[in-house]
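Enquirer: Quick one: the structure is below, questions incoming.
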Amino acid sequence: MIQKITFGSPFPTEAVVVPVEEGSLSRFTLRETEHGRLFSCPLAKTDAVYGLGETMRGINKRGGRYVSFNTDDMRHRADMPSLYGSHNFIIVDGTEPFGAFFDTPTCVTFEIDYRKSGKLDVLCEQDVTLYLIDGESAYDVTRQFLQIIGQSFIPPLWAFGYGQSRWGYKTKKDYDGVVAGYRKAQIPLDYICMDIDYMDRYIDFTLNPKHFADLKEYARQMKEQGVRLVPIIDAGVKIEPGNETYEEGVKNGYFCVNEDGNPFSAAVWPGMTHFPDFPQPKAREWFGNEYHKLTELGIEGFWNDMNEPAIFHSEYSSSADYAKDKKFRESDYKRFFHTVDGKRIRHYDVHNLYGYMMTRAASEQLDKLLDKRFLLFSRSSYVGSHRYGGIWTGDNRSCWAHLRQIVYQLPSLNMCGILYTGSDTGGFSGNTTRELLIRWLAVSAFTPLMRNHSMIATRRQECYRFSDVQEFKQIIDFRYRFLPYLYSEYVKCALRRDMLFKPLAFVYGEKAKHIEDQLLVGDSVMMTPILEKGKTTRTVFLPEEMTMVRYDGSFHCATVPEGTMEISVPLDEIVFFIRKGKLVPVGKGGNNTSEIDLSDVTLLGDGTEYEQYLDDGFTKQCTLDDVRVLKK
Ligand code: MIG
């Protein structure tokens, strides 16, 4: 059962798209404080607390403090309160499980048994709509929530292939080298991301005249080889006469304004820029339509960056101010404005919607510009973003802790609707190691977005640059052989409003509550990755009898009993498990997704039937009519 209670008149976020009955406050007590409304509820000693999407720490969020305020800060320490997205849905899993979604577009602080309080405290700075969901289990509560926030974005099949990216690729030679490197190593590749250097001086919707004047022909040649180019688009539009996007935006009032009502200026990569007024529907339509400048050249996928929005300095604060104290950014967020329905709205008050509305802008227009499904993922997000695109989890570091973190983030993001996601494989900042990258690939092999990305001036981390490239090949080959299952499960989850990654506790309950380093992937699979340096073995908890599958170039299956077991996982192998009575279709693989035959599969596991979603990989209409039953 879902009820909503409105406190004040919150800005409509459009996170919830299904009508919900009005109710009255239960579960929480409410206290008005000088910092906002404080909602509190007691936590029993054994209650687990789930949700909160893109946050640090484990799957059970208990013991932590989390602040929903979208932030670009690459120091992802364990106690980091805010990352790039805000997903205010939280689930208390106790004797009477319930969920609460605090729908408010600015700062919310969650303290979860933080001060030995035995309480969940949620402080909402501003007006809020609270959605309360009662259910039989944490999973049931979550599925009810997924029903009211609408259907997830479904990218094309090629977006489930392996992608290479790096901040620092500049010329065609760089991109050609990537294709050649992967070809030579016989490692599959489906797309290459183009980071900011493809543009003319970081100006959105322009091309570097020296290197990419003929992007159309170049994109065609790449596609002929089965590789798509996926350019980045940043939020800030460079202030420069002659920049069409800038001129149109100013002329039509499509930019955020400062205290004087003039377009607000802030420095990002291109130098001084204006920020598109994404909460304004007309501005969204205009900015989204600008993507035609690239779709006309044959581009079918994009990533949206810097849309918290990130600011280096502004017309109000210098870079020295920014370096000194984060407070300056916050005060800048209070000094520029959106214009919605003729009303002026302080950016700070709707801050967490900016990346969401940018994704929406792009998605709604790409849908009009293209006759096929497209790839779109964003850095910043809010609940509702999942209807328009995916996200990547931002600027992680090449360290084992951040490999582990994505395992925790996957189910938490899925609880908040976000299905198309993945992390910078190998780590963004810092220098990766061969071992870390391979283990990271073995985790990303299960995530919808599987992209190797790294920061400028770090060690090069394309797989073919390492010794014994065969070991990398085997892991990525696995991904392509696993695609018939992964793709089918993804689309079914989107259509059925389900999670792709579930904590074990969501299915097996109490006995699996302590397990956070194994995940259920779709309906049949349990993944059990190696997350530690130097380890080639690990302990696996089996909540029931399962089929253990080892991939070493081919698949080997064995039935293993409920309980605890030690498995060995050499660097070039993948070990996963299939739940009792379930099946997993695996294919023959290929050098890219166009070579994959999703219908030519072998069924692994001891089940009798598998429901496979099957289509051409790009058709816009995905429906459950395209599910066929495979029998063993
Ligand atoms: O200030 O475009 O998270 O993936 O490579 C850094 C350069 C801007 C941040 C993104 C990262 C990207 C980088 N961007």
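Enquirer: Taking the condition away from the ligand (no atom under 16 Å from the Cβ), open to solvent by 60 Å² or more (accessible area, probe 1.4 Å) and in contact with a strand residue (DSSP E or B) (Cβ under 6 Å, 6 or more places away or on another chain), does residue 29 pass?
Expert: yes
Enquirer: Another question, then. Taking the conditions exactly as written (more than 12 Å from the chain's Cα centre (by Cα), away from the ligand (no atom under 16 Å from the Cβ) and crowded, with 21+ Cβ neighbours inside 10 Å), does residue 434 satisfy them or not?
Expert: Criteria not met by residue 434.
Enquirer: Moving on. Looking at residue 264, is it open to solvent by less than 10 Å² (accessible area, probe 1.4 Å) and aromatic (Phe, Trp, Tyr)?
Expert: Yes: the conditions hold for residue 264.
Enquirer: Tell me, yes or no, whether segment 196-213 has at least one residue that is more than 16 Å from the ligand (Cβ to nearest atom), within 26 Å of residue 374 (Cα to Cα), under 24 Å from the mean Cα position of the chain (by Cα) and outside any helix (DSSP H, G or I).
Expert: Scanning segment 196-213, I find no residue that is more than 16 Å from the ligand (Cβ to nearest atom), within 26 Å of residue 374 (Cα to Cα), under 24 Å from the mean Cα position of the chain (by Cα) and outside any helix (DSSP H, G or I), so the answer is no.
Enquirer: Moving to a separate point now. Regarding residue 137, is this residue surrounded by fewer than 21 Cβ atoms within 10 Å (Cβ to Cβ) and either in contact with a Gly (Cβ under 6 Å, 6 or more places away or on another chain) or at pLDDT below 95 (or both)?
Expert: Considered against the rule, which asks whether it is surrounded by fewer than 21 Cβ atoms within 10 Å (Cβ to Cβ) and either in contact with a Gly (Cβ under 6 Å, 6 or more places away or on another chain) or at pLDDT below 95 (or both), residue 137 comes out as no.
Enquirer: Which of (1) among the hydrophobic types (A, V, I, L, M, F, W, C); (2) free of Cβ contacts under 8 Å to residues at least 40 places away in the same chain; (3) within 15 Å of the ligand (Cβ to nearest atom) does residue 449 not meet, given it meets every other one?
Expert: (2)
Enquirer: A further question on this structure: Within segment 246-264, does at least one residue satisfy the condition of being of a type outside the set (Lys, Arg) and within 16 Å of the ligand (Cβ to nearest atom)?
Expert: No, that holds for no residue.
Enquirer: Given the criterion out of contact with any Pro (no Cβ under 9 Å at 6 or more places or on another chain), within 16 Å of the ligand (Cβ to nearest atom) and closer than 30 Å to residue 411 by Cβ, identify the matching residue among 143, 166.
Expert: 166
Enquirer: Same structure, new question: Would you check which residues across segment 158-189 are over 16 Å from residue 445 (Cβ atoms) and hydrophobic (A, V, I, L, M, F, W, C) and list them?
Expert: If the condition is that a residue be over 16 Å from residue 445 (Cβ atoms) and hydrophobic (A, V, I, L, M, F, W, C), then 158, 167, 178, 179, 180, 185 are the ones that fit.
Enquirer: Here is a follow-up. Determine the pairs where a residue that is in contact (Cβ under 8 Å) with a residue 24 or more places away in the chain and more than 15 Å from residue 225 (Cα to Cα), located within segment 183-196, has a partner that is within 10 Å of the ligand (Cβ to nearest atom) and among the acidic types (Asp, Glu) with Cβ atoms under 9 Å apart, the partner being 6 or more residues away or on another chain.
Expert: The qualifying pairs are 195/305; 196/234; 196/305.
Enquirer: For residue 378, are the conditions met, namely being within 16 Å of the ligand (Cβ to nearest atom) and modelled with pLDDT of 95 or more?
Expert: yes
Enquirer: Oh, and also: Checking the conditions here, which among 369, 353 is open to solvent by 50 Å² or more (accessible area, probe 1.4 Å), more than 16 Å from the ligand (Cβ to nearest atom) and not polar (S, T, N, Q)?
Expert: Answer to the check: 369.
Enquirer: So which residues in segment 98-133 are surrounded by 19 or more Cβ atoms within 10 Å (Cβ to Cβ) and of a type in the set (Ser, Thr, Tyr)?
Expert: Correct list: 104, 106, 109, 129, 131.
Enquirer: If I ask for residues that are surrounded by 19 or more Cβ atoms within 10 Å (Cβ to Cβ), farther than 17 Å from residue 262 by Cβ and of a type in the set (Asp, Glu), which ones from segment 305-333 would you list?
Expert: If the condition is that a residue be surrounded by 19 or more Cβ atoms within 10 Å (Cβ to Cβ), farther than 17 Å from residue 262 by Cβ and of a type in the set (Asp, Glu), then 305, 308 are the ones that fit.
Enquirer: Name the strands (runs of 3 or more DSSP E) wholly within segment 518-632 that hold at least 1 residues that are among the aromatic types (Phe, Trp, Tyr) and open to solvent by less than 60 Å² (accessible area, probe 1.4 Å)?
Expert: 537-542, 546-551, 555-560, 574-579, 609-613
Enquirer: Can you tell me which residue in segment 273-293 is nearest to residue 160 (Cα to Cα), limited to those that are more than 16 Å from the ligand (Cβ to nearest atom) and hydrophobic (A, V, I, L, M, F, W, C)?
Expert: Among those residues, the one meeting the criterion is 287.
Enquirer: Can you find, within segment 395-419, the residue that is surrounded by the most Cβ atoms within 10 Å (Cβ to Cβ) among those that are within 16 Å of the ligand (Cβ to nearest atom) and closer than 24 Å to residue 49 by Cα?
Expert: Looking at the filtered set, the residue picked out is 409.
Enquirer: A further question on this structure: Does segment 334-347 hold any residues that are in contact (Cβ under 8 Å) with a residue 12 or more places away in the chain and open to solvent by 10 Å² or more (accessible area, probe 1.4 Å), and which are they?
Expert: 334, 335, 337, 339, 340, 344, 345, 346
Enquirer: Please find, within segment 114-140, the residue that is farthest from residue 333 (Cα to Cα) out of those that are acidic (Asp, Glu) and assigned to a loop (DSSP other than H, G, I, E, B).
Expert: Applying the filter and picking the extreme gives 136.
Enquirer: Shifting gears a bit: Answer yes if at least one residue in segment 448-469 is open to solvent by less than 10 Å² (accessible area, probe 1.4 Å), touching a Pro at 6+ places or on another chain (Cβ under 9 Å) and of a type outside the set (Val, Ile, Thr), and no otherwise.
Expert: yes
Residues checked against (1) at pLDDT 95 or above; (2) basic (Lys, Arg); (3) in contact with a helix residue (DSSP H, G or I) (Cβ under 9 Å, 6 or more places away or on another chain):
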{"residue": "2", "(1), (2), (3)": "yes, no, yes"}
{"residue": "20", "(1), (2), (3)": "yes, no, yes"}
{"residue": "24", "(1), (2), (3)": "yes, no, no"}
{"residue": "28", "(1), (2), (3)": "yes, no, no"}
{"residue": "34", "(1), (2), (3)": "yes, no, no"}
{"residue": "38", "(1), (2), (3)": "yes, no, no"}
{"residue": "50", "(1), (2), (3)": "yes, no, yes"}
{"residue": "62", "(1), (2), (3)": "yes, yes, no"}
{"residue": "68", "(1), (2), (3)": "yes, no, yes"}
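Enquirer: Quick check on segment 49-57. Is at least one of its residues within 16 Å of the ligand (Cβ to nearest atom) and either open to solvent by less than 20 Å² (accessible area, probe 1.4 Å) or within 30 Å of residue 486 (Cα to Cα) (or both)?
Expert: yes
Enquirer: In this structure, is residue 6 modelled with pLDDT of 95 or more, open to solvent by less than 50 Å² (accessible area, probe 1.4 Å) and not aromatic (Phe, Trp, Tyr)?
Expert: no
Enquirer: Shifting gears a bit: Given the criteria under 21 Å from the mean Cα position of the chain (by Cα), among the hydroxyl-bearing types (Ser, Thr, Tyr), away from the ligand (no atom under 16 Å from the Cβ) and closer than 30 Å to residue 207 by Cβ, does residue 182 qualify?
Expert: For residue 182, the condition - under 21 Å from the mean Cα position of the chain (by Cα), among the hydroxyl-bearing types (Ser, Thr, Tyr), away from the ligand (no atom under 16 Å from the Cβ) and closer than 30 Å to residue 207 by Cβ - is not met.
The values are calculated or read from the model by the stated rules, or taken from the named source; none is laboratory data. For clarity, every value in this text was computed on a predicted model and none was experimentally measured. Every residue, glycine among them, receives a Cβ derived from its backbone with ideal geometry; neighbour counts consider all protein chains shown. Please note that ligands, DNA and RNA were not included when accessible areas were found on the heavy atoms of the full protein model with its side chains. Shrake-Rupley method; radii C 1.70, N 1.55, O 1.52, S 1.80 Å.
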